[in-house]
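Only the coordinates and a few stated rules stand behind these numbers; no lab work does. This is a predicted model, so every value here is computed, not measured. Glycine gets a Cβ as well: all are built from the backbone with ideal geometry, and neighbour counts include every protein chain shown.
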Amino acid sequence: MAREQSCHKFIYKLQSRRLAKAGWNLTLPLSTALNNKSDVVATGDSQLLRWILELNGSEDLDSEVNSVKLHLKELKKAKKSDDSKKKIKDLYKKLYDHQYQKDCLYLIMNSSKDYHRANKGFSINGTSYHRLLGTNGGVKKSTITYVSDRIYEEIKKRMDNGRDLNKKLIPAKLEAYQALICSGSIPVSMPRMVVVKDCYVSWKEDVILIRDEALEEPHMSYEKNYEINYCDSDGYGLMSPEYSKLVNKELNGDYAEEKTITGINTRFAWTKGMLFTFDFVEFARKINHGNYMISDAWGTLRDVRDYDVILTTSMVKLWDSYESLEHFLRCSMENHYQFSVSKTTPLRLEHVRNANYQFLQTYEFTDEEISLLCKPTIEELKGALCMDWGKTLVFLKGMYLEDDQMEGLNNDFVKALMIDPKMMDDPFILNKVYGMIKKRIQMAAKGSIQLSGNYAIVSGDLYSLAQSIFGLPVTGLLKQGEVYHRYWRQKGVKEIACFRAPMTCHNNIRKRSVVHSEEMDYWYQYNQTGMILNSWDSTCDALNGADKDSDSFFTTDNEIILKNTRDVPAIECVQRQAEKIIPDEPALVKANLLAFGDEIGSTTNKITSMIELQSSFKKGSPEYMALEYRIMCGQHYQQNSIDKAKGILSKPMPRYWYDKSACRQLPETTEEEKEFKNLCFNIAAEKKPYFMRYIYPDLMNEYKKYTTDSNKKCIRRFQMPLKELEQIQDYTPEQGEFLEYHKKFMPTGNNLCTINRICLLFEETFGQFLTDRKNEACFDYSVLKCGMNYQKSDYRKIENIKKEYDDSMKLYHQTAKAMRLDKEEMAANRTIMLMKFRSACESICPNALELCEILLDMCYTTNKSKQFVWDVCGDTIIQTLLKKNNYIIHYPELTETKGDFEFGGESFIMKEKRLREDELL
């Protein structure tokens, strides 16, 4: 979304072993927790946190936090004094106290024993806690949300929201529905809402059916004209154009007042899903002949003109736990639910995006096709390496900068570069740019190459849903194999390939025809940036069980991709549902324990390893076909991993598919068993592919050590490097044995699969850059200074803070890498750490200009990292640069005509804009 409307909240996130060691009665002051790097996490707004603030009488928290920040900003402009130092210290403490929410806690379970003990109760700083729930994302990391005993009963009451407590449910699904209160979201105006039954359709299609009932290996069969019964509205509903405009204005400001938004991802009581803009009142007038009456989910007739949004029963998860729409809404209002938005469709779509290895790994490209596919990425990187000012800006900020984006740019090193070209010589910026280029090369080496295309949130055929809502026969406007995608239609593209991660096999890719008509253009007029699917094919099932509650598809018109996309049947995975019961606390805890651990990544990796290994066998051979079967079954195991947290019963992938030690334990009493055992041993995919060294640093280190040791042995035995030995055609038996041994124990799979070939191409092209370090240019950092004097005593005190900062950041990055934290969590946690160091520095030297002078002298007079000064004083540096450059900022703009320079096959002109001083700091 365009803007965040609420400040971050700080919450403790602790390991259960810490509590166990403290006898489940831990004393941990906030000041100590902030120093412990990972004890505190920052989180955005959610229904749960809004309830907690309300119960604590802190609904005005945002204005209070903003008031403190404004006061801090004013103090940093004032002359330094003992009084200002004390005030700054007090204000930061006040800021921490405001943002810390002691009534909510995340607990990481180190064992099931700890989990059961924690649920008997524990306390931190005198506050007792009670288990609330496990979120889908949380249970994968063995993390459970607790709230204080003081508010538990009220939160539990609100969470249940007056539902029928005697209704049988799958425990894991109930908890997933309850966990919607923890989703990050922004409240918007409460709409007039109605809930209707979903739109169901059926058709026949050739599919591959996979079952694993009571079988060691899944049973796969080809089913011709298989009947598919399908919920076409799974996860989405409709909102009126008028409400769409209102929400767009609330989220994106006055400039969006008269513009609709394509869709919003919503949160309300038991509610999750997309609302797409569609004029259902106009549909009733034109298509339903002026009959505005519809039947809601409970069978009550309603006038559609009385409503702003139409929710479907797949969006309102426990709709049937209520007697009527009025009952549901009354309970929701009594329990203070707010209608909120967790995500919106973008206002515009990009022209180029990076693919990933899963999209490309099942293609059978020629060497020439791989070169052509990688050419745009290679040209972009070569352009960035020339270190031209304009080209560097395009590389850093993308191709599509516009005038109205300049005011909202972050105060970071890229903005500094846009203000003053001389910053190209700043060693800090040079290191950042080189680091980003190196990272981009490494990304490309693992298949992240540029393709024309973009991601778009998908919906079903809005016309089909409207027909269903009004009780009309469902025909839709789109036919089988067709999509409506305004972006591609406007570019005149007729056919696209569709992808969605996670993927397993080529059956997860679909080619679709882009169509339109006057009727479609009219009824889909508000869907500017979404992708509308037809109601009559298995696109969603093929793309690994996608639904329409905000899932995105990547689509491209790349000719090489389209040419090589094979038309293969969709895979239908038959899943077994868990038993429905009346869930109690022990059942919910049991469901959490069963869902602990995230197997999606490891399952996907095993399938990728099979694809790499398959490339070493002749097409059609027994090994090739056995791996083909296993790769296709991978979709089933991947979906099991995804749905485990929902209580869906499943079996894990057979161990002997990826572990040779498990193959050795297979029976061999008959010839058939011996033959199968030998086959399994030959195709056990136990090595990660070569390209995955750029995903897993430990694998890269292991590979480097192994090849270095092998090279040393080769030189000792044969007086030549390993690479030279590998080039010899007529080697001796001893040399051949050495090479065979080297290959056998290689820690990676080095077969020439598609992504390994892409990886080798980028290593060959940019290998020197990946190993060499560029010399830093000579830079006069006085351009960043304002000439303020400061006390040497302040310098020495802050020097100690910098040492602590360096140690903390090093440790944090190691911890984050080990825990594989996602980007959002890393960024939020880093924000907390920076607040601590910024407050420590400002308590010593409150004046922002003086502090900046100290840190510039401290960081720019040595070869050590300069990140500290940019983290603490980045805003001040930007203000100094703007003042010295008449508040003018430069940016490259894409042009159709000949421009000032070319980059990535496009032409650009350099433009400038003068920023308004009154809007800065």
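A few remarks follow.
- The alpha-carbon atoms of the stretch 508-572 define a convex hull whose volume equals 114 cubic angstrom per residue.
- Residue ranges 156-165, 142-151, 284-293 sort as 142-151, 156-165, 284-293 when ordered by packing (mean number of other C-beta atoms within 10 Å per residue, highest first).
- Listed by chain and number, the lysines whose C-alpha is less than 21 Å from the C-alpha of Lys674, apart from same-chain residues fewer than 8 away, are Lys660.
- With the biggest extent put first, the Cα atoms of the chain measure 85, 82, 70 Å across the principal axes.
- The stretch 100-216: relative contact order in percent, alpha carbon pairs under 8 Å with at least 6 residues between: 22
- The alpha-carbon of Lys898 sits under 28 angstrom from the alpha-carbons of these lysines, leaving out residues fewer than 8 places away in its chain: Lys375, Lys382, Lys391, Lys397, Lys415, Lys422, Lys491, Lys911, Lys913.
- All Cα pairs of the stretch 651-750, percent lying beyond 20 Å: 55
- Counting every pair of alpha carbons in the stretch 193-344, the share spaced more than 26 Å apart comes to 41 percent.
- Rotationally averaged projected area of the stretch 588-680 (alpha carbon convex hull; nm²): 7.0
- 5 Å-binned pair-distance histogram of the stretch 514-622 (Cα, whole percent): 2, 7, 9, 13, 17, 15, 11, 10, 8, 6, 3, 0
- Value of [θ]222 nm, deg cm²/dmol, for the chain, DSSP H segments ≥ 4, -39500 (n - 2.57) each, nearest 500: -13500 deg cm²/dmol
- Once backbone amide H atoms are built at 1.01 Å from N, Ile186 has Val341, Ser342 as its partners under 5 Å, excluding neighbours fewer than 5 places away on the same chain.
- Inter-centroid distance (Cα atoms) of the stretch 344-374 relative to the stretch 313-337, Å: 43
- Mean projected area of the convex hull spanned by the Cα atoms of the stretch 452-573, taken over all viewing directions: 7.7 nm².
- The ellipsoid equivalent to the alpha-carbon distribution of the stretch 323-450 has semi-axes of 40, 26, 13 angstrom, derived from the gyration tensor eigenvalues as √(5λ) and listed largest first.
- Stokes-Einstein D in µm²/s, Kirkwood radius over Cα pairs - the stretch 102-143 at 20 °C with 1.002 mPa s viscosity: 196
- By average C-beta atoms within 10 angstrom, highest first, the peptides 723-730, 202-209: 202-209, 723-730
- Each eigenvalue of the Cα gyration tensor of the stretch 409-511, multiplied by 5 and square-rooted, gives one semi-axis; in descending order these are 44, 19, 13 Å.
- Considering the stretch 9-160 at the alpha-carbon level, its Rg and Dmax are found to be 17.4, 57 Å.
- Relative contact order for the stretch 585-687: 31 percent, from Cα pairs under 8 Å spaced at least 6 residues apart, divided by residue count.
- Two-site label geometry, Thr815 and Ile715: point separation in nm, points 7 Å out along Cα→Cβ: 4.1
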